[in-house]
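The structure appears below as structure tokens.
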Amino acid sequence: MPRNFNPKEIEIGLRLPTIIAPLNSFFIRMSFFIDYIYSPLLKTFKLIGRFTRLRRMNFMPENDVRRLKEVLIELEDGGKLATDIYLPKEIYNKKGKEATILVRLPYWKNRLSILGYFLASKGYVVVIQDIRGCAGSSDYGTNSLYFYERKDGLDTLRWISERFWYNGKIGMWGLSYLGITQLAVSWSNESLLTCLNPIHSSFSNVFWHPGGLYPVGLSGAVYLIMLSTATMKNLSTMDFDQWDEEGLYKKLFFNPSSSFYNEPLSSKRPKLSDLATVQSPKYLIKMMNSVYKTEVDVSKKDQGSFLKLIKKIFYERDLFQNYDLSPYAFGLNYELDSPMLFIGGWYDMFIEHMMRDVKLIKEAAPTFFKDKFKMIIGPWSHINMEKLFIKPLKYTNLKDDFAFFKNILPFWWYDSCLKGKESDLSKIPLIQAFILNKNIWRAFNNWPPSSAEIKLYLHSNGKSNSLLGDGMLSKIVPEEELPDIFQFDPSDPVMTRGGRNLFLLSGAQDQTNIEKRDDVLVYTSKTLEQGLEVIGEIKLILYASTSVEDTDFMVKLVDVYPGNKKAVNIVDSGVRTRYLNGDLNDPKLITPNDIYKYEIVIGTTAIYFPKDHKIRLEISSSNFPRFDVNSNLAGKVTEGNYMIASQKVYHDTEHQSHLILPVFREDDKD
């Protein structure tokens, strides 16, 4: 079936509905009025909070608050960090002492003034700070591209320890980048940090992919964030076109040819691993300036070099993300001591990296992992943001959405760690995970939980293309079967719809239209006669060949509702064939038309497939703009900028392609 790529089918998740878009500016400016309206709001909430049920929710302000005049914390190199301080009024008046909650962010601290007032009303001193070179700090330095987050964070902790209110206890809070700033100071921190609560963030590099794929959509989103926070002292619009007047993000989101991958094996592209051996942020910046011919000076206001640098890294993608730790975690030694509450979401782009962190912490710091580490994993996407902007499928409900907001402000955690209330953390399960489709939470004291592997083998008569094909999944081992064949045209990639994204449409979405394409192989189980609960890492053993020397294979696990009403994405991933051996530093081209075995980790999840549902596997060669698109040229320069590849998937006696599901049973619970 002939097709033409239509960029209008790619949906942005973070966008106000047309009907209220004109109110964009009003909503943004509302935060400036918090200083004026907080006092009457507090009185109103105190009145409402008299209701017993609302008091139990612990979401009512309790104390009057004093916000101090902005402070500029001067750093050793001359840079300054714009910082706001919120104190319970009694602490301010009596010059008393109290525990501190620190929040460090690039996203305009004034937007979080309501959070400062709210946390301070619960009895904490709250310090909210714009990081180096961003928002309120943009006149006094340049964004360090993560490299100074550890140094600046430790300097801020030391500064707090010298204030009159300091009582020896500091906690940190925040999600996304606000979680990154916590992780950067989570080890060897001079015992200045009492506890932390990183939400939707990880030590592991979110741009690193074990199969060598590059998350081009995420790259576009991070470019927008870096650009806007460096150039706007105050947020004035949520219009991406105004953030990025060159429109570079549009090319990454909507133009597959801008993301064509055609790297030669002998590539001289700078590698993140070369930077990871350097501990000094000062020399890291020098290295970046030398490599990219920029003049970034983090101690002074940016004169354009930083914008040039982020264009090279995030738009041109001129940095090979071959190192598994993020720059703010360079030097991580796992000498972790401060209690940590990790919070993630099954549809968050950080979750796979967070689960990798769980494994590494368990191996490198087993005592800490057992005694001081806790994790909550909900049904959420990144910050659950798109729930505010689009009508989602009924995959979660309002109760679960409220649980998100309740979980990201875990007062029980701070009351325990900072105020000594109910301080026995050993009574709290190691991991609490939401089970998709079952809408329940399960508690585990080990991860991954015990499970029994079930293998579902791929079957067809050689015609599994699209929903109309004959692809099947079953426990029966295949015998002699014809391979399935599809043509991969890089100029017309399979489009991303939902999943683990940032700014793009995220979460659980119907894949039916995608599955109508003939370049998507579809394998579906029979209707389930009883429910199946899957918790852990989903894998695929795939036998495939291609007509070219380098290409991609993409896979997606899908939940099919009764009557084929909808087919909802669960997890997806893939592999670039040159990285078949799993070593990103040792790429090898493959021999066209030879059959290779690929072991693909599709992802980690917790989902219940109810009775009458079906389990489905999609196989294709693209997932744009979640990932870049392979040109199929294997690094060669040709007249055209891509080549159509003929792909074959095998499922026979010698090539038993199969899906591996970790099936959880109640009586096996850890």
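Brief remarks follow.
- Residue within segment 442-457 that is in a loop (DSSP other than H, G, I, E, B), open to solvent by less than 30 Å² (accessible area, probe 1.4 Å) and at positive phi present: no
- Sole residue being under 25 Å from the mean Cα position of the chain (by Cα), open to solvent by less than 10 Å² (accessible area, probe 1.4 Å) and among the aromatic types (Phe, Trp, Tyr), chosen from 261, 177, 249, 214: 249
Residue by residue, here is whether (1) more than 29 Å from residue 376 (Cα to Cα); (2) in contact with a Ser or Thr (Cβ under 8 Å, 6 or more places away or on another chain); (3) of a type in the set (Ser, Thr, Tyr) holds:
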position: 567; (1), (2), (3): no, yes, no
position: 612; (1), (2), (3): yes, yes, no
position: 619; (1), (2), (3): yes, no, no
position: 622; (1), (2), (3): yes, no, yes
position: 647; (1), (2), (3): yes, yes, no
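- For residue 168, the criteria (1) free of Cβ contacts under 8 Å to residues at least 40 places away in the same chain; (2) under 28 Å from the mean Cα position of the chain (by Cα) hold in every case but one, which is (2).
- Enumeration of residues in segment 419-441 that are more than 18 Å from residue 340 (Cβ to Cβ) and in a strand (DSSP E or B): 434, 435, 436, 440, 441
- Per the listing 133, 79, 116, 96, the residue uniquely of a type in the set (Gly, Ala, Ser), open to solvent by 10 Å² or more (accessible area, probe 1.4 Å) and either at pLDDT 90 or above or touching a helix residue (DSSP H, G or I) at 6+ places or on another chain (Cβ under 6 Å) (or both) is 96.
- Elements of type helices (runs of 4 or more DSSP H) in segment 264-344, at least 2 residues being among the polar types (S, T, N, Q): 281-292
- Residue that is touching a Phe, Trp or Tyr at 6+ places or on another chain (Cβ under 7 Å) and open to solvent by 10 Å² or more (accessible area, probe 1.4 Å), where the choices are 146, 140, 166: 146
- No other residue among 268, 308 is closer than 27 Å to residue 141 by Cβ and either over 25 Å from the mean Cα position of the chain (by Cα) or at pLDDT 95 or above (or both) apart from 308.
- Cβ-Cβ under 7 Å pairs, at least 6 apart or on other chains, segment 372-390 side farther than 24 Å from residue 362 by Cα and in a strand (DSSP E or B), far side polar (S, T, N, Q) and modelled with pLDDT of 75 or more: 381/506
- Matching residues in segment 194-205 - criterion: being surrounded by fewer than 24 Cβ atoms within 10 Å (Cβ to Cβ) and either on the phi > 0 side of the Ramachandran plot or out of contact with any helix residue (DSSP H, G or I) (no Cβ under 6 Å at 6 or more places or on another chain) (or both): 205
- Enumeration of residues in segment 508-518 that are part of a loop (DSSP other than H, G, I, E, B) and either among the hydroxyl-bearing types (Ser, Thr, Tyr) or open to solvent by 20 Å² or more (accessible area, probe 1.4 Å) (or both): 512, 513, 517, 518
- Residue under evaluation residue 456, criteria (1) more than 30 Å from residue 627 (Cα to Cα); (2) in contact with a strand residue (DSSP E or B) (Cβ under 8 Å, 6 or more places away or on another chain), criterion not met: (1)
- Evaluation of residue 487 against (1) open to solvent by 10 Å² or more (accessible area, probe 1.4 Å); (2) at negative phi; (3) touching a residue at least 12 places away in the same chain (Cβ under 8 Å); (4) in contact with a Gly (Cβ under 9 Å, 6 or more places away or on another chain) (one fails), failing number: (4)
Rundown of residues vs (1) of a type in the set (Phe, Trp, Tyr); (2) out of contact with any Lys or Arg (no Cβ under 6 Å at 6 or more places or on another chain), yes/no style:
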residue	(1), (2)
534	no, yes
543	yes, no
550	no, no
568	no, yes
575	no, yes
579	yes, yes
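- Residue check for residue 90: in contact with a Pro (Cβ under 7 Å, 6 or more places away or on another chain) and open to solvent by 10 Å² or more (accessible area, probe 1.4 Å): no
- Qualifying positions in segment 519-543 - buried (at least 19 other Cβ atoms within 10 Å of the Cβ), among the β-branched types (Val, Ile, Thr) and in contact with a Phe, Trp or Tyr (Cβ under 8 Å, 6 or more places away or on another chain): 520, 534, 535
- For segment 460-507, filtered to residues that are assigned to a loop (DSSP other than H, G, I, E, B) and of a type in the set (A, V, I, L, M), the residue that is nearest to residue 633 (Cα to Cα) is 494.
- Leading residue by the ranking (least open to solvent (accessible area, probe 1.4 Å)) among those in segment 66-76 that are of a type outside the set (Val, Ile, Thr) and touching a strand residue (DSSP E or B) at 6+ places or on another chain (Cβ under 8 Å): 75
- Residue 359 modelled with pLDDT of 95 or more and open to solvent by 10 Å² or more (accessible area, probe 1.4 Å): yes
- Flag if residue 180 is of a type in the set (A, V, I, L, M, F, W, C), more than 28 Å from residue 309 (Cα to Cα) and modelled with pLDDT of 95 or more: no
- When residue 208 is tested against (1) open to solvent by less than 30 Å² (accessible area, probe 1.4 Å); (2) closer than 17 Å to residue 326 by Cβ; (3) outside any helix (DSSP H, G or I), just one condition goes unmet, and that condition is (1).
- Identity of the residue in segment 283-307, touching a residue at least 60 places away in the same chain (Cβ under 8 Å) and open to solvent by 30 Å² or more (accessible area, probe 1.4 Å), that ends up nearest to residue 319 (Cα to Cα): 307
- Residues in segment 217-246 that are open to solvent by 50 Å² or more (accessible area, probe 1.4 Å) and assigned to a loop (DSSP other than H, G, I, E, B): 233, 234, 236, 238, 239, 245, 246.
The values are calculated or read from the model by the stated rules, or taken from the named source; none is laboratory data. Quick caveat, the model's predicted, so the values are computed rather than measured. Cβ coordinates were reconstructed from backbone atoms using ideal geometry, including for glycine residues, and neighbour counts include every protein chain displayed. Only protein heavy atoms, including side chains, enter the accessible area calculation; ligands, DNA and RNA are left aside. Shrake-Rupley method; radii C 1.70, N 1.55, O 1.52, S 1.80 Å.
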